1. Specify which residue in the list Leu55, Ile144, Ser111 is farthest towards the positive end of the charge dipole of region 2-145, using unit charges on the beta carbon of Lys, Arg (+1) and Asp, Glu (-1), about the Cα centre.
2. Can you give me the long-range amide H partners of Gly62? Hydrogens built in the peptide plane at 1.01 Å from N, cutoff under 5 Å, separation of 5 or more residues or another chain.
3. Write out the GluC sites (Glu not before Pro) in region 4-88 meeting two conditions: DSSP loop, and at most 10 other Cβ atoms within 10 Å of their Cβ.
4. Add +1 for every Lys or Arg and -1 for every Asp or Glu among the other residues with Cβ under 12 Å from the Cβ of Thr96, and state the total.
5. At 222 nm, what helix-only mean residue ellipticity would the chain give, in deg cm²/dmol to the nearest 500, using -39500 (n - 2.57) for each DSSP H run of four or more?
6. If you average the C-alpha positions of region 74-123 and of region 1-66 separately, how far apart do those two centres end up, in angstrom?
7. Please work out how much length the chain gains when fully extended from Ala138 to Ser89, using 0.36 nm per residue of separation minus the C-alpha to C-alpha distance, in nm with one decimal.
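Only the coordinates and a few stated rules stand behind these numbers; no lab work does. Computed from a predicted structure; not experimentally measured. Positions of Cβ are generated from backbone atoms using ideal geometry, with glycine treated the same way; all protein chains shown enter the neighbour counts.
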Amino acid sequence: MKLIIGADHAGYELKEKLKPWLSEAGHEVVDVGAYVLDAEDDYPDFVKPLVEEVLKSEEIMGIFCAKSGQGEAIMANRHKGIRAIVYYSPNIEIATLGREHNNSNVLCVGSGLLNEDDAKQAIEKWLSTPFDSASRHARRLAKIDK
């Protein structure tokens, strides 16, 4: 799968650890920045190119690393066709439900609120969980898209 990955300063370290891990798992990983650790950077500068890439195909998904992931998901969800969820808890069901019920295509990881292993476990679960397109969830997403 093609994965677009990005981060601001708060998620930079995790992003750099995730890139080789995702590549080793067989994913094509495209990094949209930040390319250096800069405490003064702003997440909108990196969320925008991530969203633009994800919108190119339904076969592309995005992962954004930040302190909480909240602002990044808010920004991403302003774009039609983006369904961003936030993960900052070791409760793996959040990642599962975000895919199964909401067909999320962007995962905003709260790097400042969980450890690397929890983030990796959530990403694995998120990537491996299919959307339940034959259910009431598809009907609900269609209403959102109207």
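1. Final value for the positive-end residue is Ile144.
2. Ile4, Val106, Leu107
3. Counting only loop positions with at most 10 other Cβ atoms within 10 Å, the GluC sites (Glu not before Pro) in region 4-88 are Glu40, Glu58, Glu59.
4. Numbers: positive: Arg99, Lys125; negative: Glu93, Glu100, Glu124, Asp132.
With Lys, Arg at +1 and Asp, Glu at -1, the net is -2.
5. Details: 6 runs with 62 residues, N = 146.
Helices in the chain give a 222 nm mean residue ellipticity of -12500 deg cm²/dmol.
6. Centre-to-centre distance over Cα atoms comes out at 13 Å.
7. Numbers: separation 49, 0.36 × 49 = 17.64 nm, distance 2.57 nm.
The Ala138-Ser89 span can extend by a further 15.1 nm.
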